[in-house]
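Report on one structure; see the data block that follows.
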Amino acid sequence: MTDSAATPESTRTPTRPGTKGALTTRVEDFPRWYQEVVARAELADNGPVRGTMVIRPWGYEIWERLQAAIDERIKAAGAHNAYFPLFIPEAFMRLEAEHVEGFDPELWVVTHGGGRQLDEPVVVRPTSETVINHFFAKWIQSYRDLPMLVNQWCNVVRWELRPRLFLRTTEFLWQEGHTAHADEADARAYALRILTDVYRDAIEQVAGIPVLVGHKTARERFAGAVRTWTCEAMMGDGKALQMGTSHELGQNFAKAFGIQYSDATGALRHVWQTSWGASTRLIGALIMAHGDDFGLRLPPALAPVEVVVLCVREDEAVCKAASALFEELRRGGRRVHLDARTDTGFGRRTVDWELKGVPVRVEVGPRDLADGNVTVVARHLRTKETVPLAGVADAVERICRSAGRELRDEALAFREARTATVGSMAEALEAGTAGFVRVPWNKVGEPGELQLAAQALTVRCLQRGDGGLAAAGEPDDALVAVVGRSY
RNA sequence: CGGGCUGUGGCGCAGCUUGGUUAGCGCGCUUGACUGGGGGUCAAGAGGUCGCCGGUUCAAAUCCGGCCAGCCCGACCA
């Protein structure tokens, strides 16, 4: 993900002309670059209420594709979609001690409705454990009702002090899964299944973002969970972003909400639970993991448009050839867009498509066309090739099939280049700011976490030395802490 | 909530110290022409109660007071 990798010498002088309109480069000012990409690629806008977000069509289509990838995997894991209310009785939030404590500072509470003050204020959901468990208590009676596997796609609202589009907004879209199981082992296995088969798979295979998996330290754990599993990825500035989490809730909520079932012997038992979520933050990750100094780079699987065919300029033969290619690619099953806006300069249009991250551009111009050729450009590598008309479909297929994997390889190489392995706290503190540091957890511990926090460093997750997940009952002392700065 | 800063066309800013005629600039937008293989050129336009309220003054974007809003840095979080 260095500049030299993103702009091979072989390309025909790709330009960032002058100062006008060009993006701030990532090394110059990464947060500013991020904001500019969000704006210029027309992904989102700030809402009129502080911290709120308008997701624009280009951004929303990406979300719909992420959603589809995750939803299909959730269903494969046996959960079903449902919908629970936005408003939660305030009293529900108080039922689980840690949960209240964790969420209290983030709550939005509605005190008025219908022009008068409510007798009992209602909370706007920051997450839905409480309402859903209220119903689980009602729905679950017998071991035959288990496991109960429910998911919902919805918005949630949390008070945020430092909003940033996609990464941290007051209202965001997500999916939250909630399950109840007969025993601890089943709950644990399910939490892990979601972590790896849903989140890791969708994020790596569809979004092309390599992740580290592991569990959170007590300090970073979800409010009310006994164990929080996480997928962590490295962004283009070396900082970490949590991409999806899966919690083992033990029996905390079951006891607080009285979720009990009769087992085969007739004995009354509390269920064991999980909850798990992934949000529109993934779009932020996509931008920051793959974006380059020319804008967004989308893996074809998530791109609203996979191929744009553009007429270099007004010309009968050009437009005819472009339309023919557009039709051919469309029939081939690719999402194609024909850009025949000859009232806008060619340079302007190519830059726009590049900002938006469309994986392939097919440029049809009179010069190439005279020899029966067009120019095909792969966005992620910014490589151009001259291709005969008859070979365009193949060239497009080749790029569409390889781009996602190549983006992932590039992100992985970047992460590895920015990951250090050390043996002590002192070294971890020293190496910590450029990327990830792997350090034995028994050298860190809770006091170490405080020292790290002083430098804005946190333990992103704990995992085995080989990157594997801790087994049931495996003590944290034997594990490695992945340390980094985070969003 | 503690510390630093900013409010001027859609966006980004200058002007304010040292009040003074029609408040400028870049980008964007509109129209036209020439263009056209990486944000092209030229010309003509549209668009602003200078955050709000009050005060000083012959005169306030500019000086004074108050209020409001937003940004950045610290403690929370997907």
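Couple of notes before you dig in:
- So A:Val150, is it in contact (Cβ under 8 Å) with a residue 24 or more places away in the chain, β-branched (Val, Ile, Thr) and not in a strand (DSSP E or B): no
- Positions within region A:134-166 being among the aliphatic types (A, V, I, L, M), in contact with a Ser or Thr (Cβ under 9 Å, 6 or more places away or on another chain) and within 16 Å of RNA strand B (Cβ to nearest atom), in sequence order: A:Val156, A:Val157
- Consider region A:230-266 and keep the residues that are β-branched (Val, Ile, Thr) and in a strand (DSSP E or B). The one that is surrounded by the most Cβ atoms within 10 Å (Cβ to Cβ) is A:Thr230.
- A search for C-beta distances below 8 Å between a residue of region A:407-422 that is over 27 Å from A:Asn442 (Cα atoms) and any residue that is in a strand (DSSP E or B) and hydrophobic (A, V, I, L, M, F, W, C), counting only pairs 6+ apart in sequence or on different chains, returns A:Ala411/A:Ala233; A:Ala411/A:Met234; A:Phe414/A:Met234.
- A:Leu381 of a type outside the set (Ser, Thr, Tyr), farther than 18 Å from A:Thr230 by Cβ and at pLDDT below 95: no
- Complete set of residues in region A:164-191 that are β-branched (Val, Ile, Thr) and modelled with pLDDT under 95: A:Thr169, A:Thr170
- Any hit, region A:196-215, residues being under 27 Å from A:Phe87 (Cβ atoms) and at pLDDT 95 or above: no
- A Cβ distance below 9 Å, combined with a sequence gap of six or more or placement on separate chains, defines the contacts here; from region A:445-472, residues that are outside the structural domain of A:Glu430 (by TED's automatic domain parsing) reach no residue that is surrounded by 19 or more Cβ atoms within 10 Å (Cβ to Cβ).
- Within region A:423-443, the residues that satisfy the criterion of being closer than 21 Å to A:Ala233 by Cα, among the aliphatic types (A, V, I, L, M) and either in the same structural domain as A:Ala411 (by TED's automatic domain parsing) or not in a strand (DSSP E or B) (or both) are A:Ala428, A:Leu429, A:Ala431, A:Ala434.
- Of the set (1) within 29 Å of A:Ile55 (Cβ to Cβ); (2) over 23 Å from the mean Cα position of the chain (by Cα), all apply to A:Gly258 but (1).
- Among strands (runs of 3 or more DSSP E) entirely within region A:279-395, having at least 1 residues that are away from RNA strand B (no atom under 12 Å from the Cβ) singles out A:307-311, A:336-339, A:383-388.
- Selection of region A:222-277 for residues being free of Cβ contacts under 8 Å to residues at least 60 places away in the same chain, of a type outside the set (A, V, I, L, M) and within 21 Å of A:Met93 (Cβ to Cβ) yields A:Thr228, A:Thr245, A:His247, A:Gln251, A:Lys255, A:His270.
- Filter result for A:Ile62 (more than 19 Å from A:Pro163 (Cα to Cα), out of contact with any strand residue (DSSP E or B) (no Cβ under 7 Å at 6 or more places or on another chain), away from RNA strand B (no atom under 14 Å from the Cβ) and among the hydrophobic types (A, V, I, L, M, F, W, C)): yes
- Verdict on A:Arg12 being loosely packed, with under 12 Cβ neighbours inside 10 Å, modelled with pLDDT of 80 or more and either in a helix (DSSP H, G or I) or within 8 Å of RNA strand B (Cβ to nearest atom) (or both): no
- Note on region A:413-454: residues that are modelled with pLDDT of 95 or more and acidic (Asp, Glu) total 1.
- Residues in region A:453-466 that are assigned to a loop (DSSP other than H, G, I, E, B) and in contact with a Leu (Cβ under 7 Å, 6 or more places away or on another chain): 2 in all.
The values are calculated or read from the model by the stated rules, or taken from the named source; none is laboratory data. Source: prediction; values computed, not measured. Cβ sites come from the backbone with ideal geometry, for glycine too, and all protein chains shown count toward neighbours.
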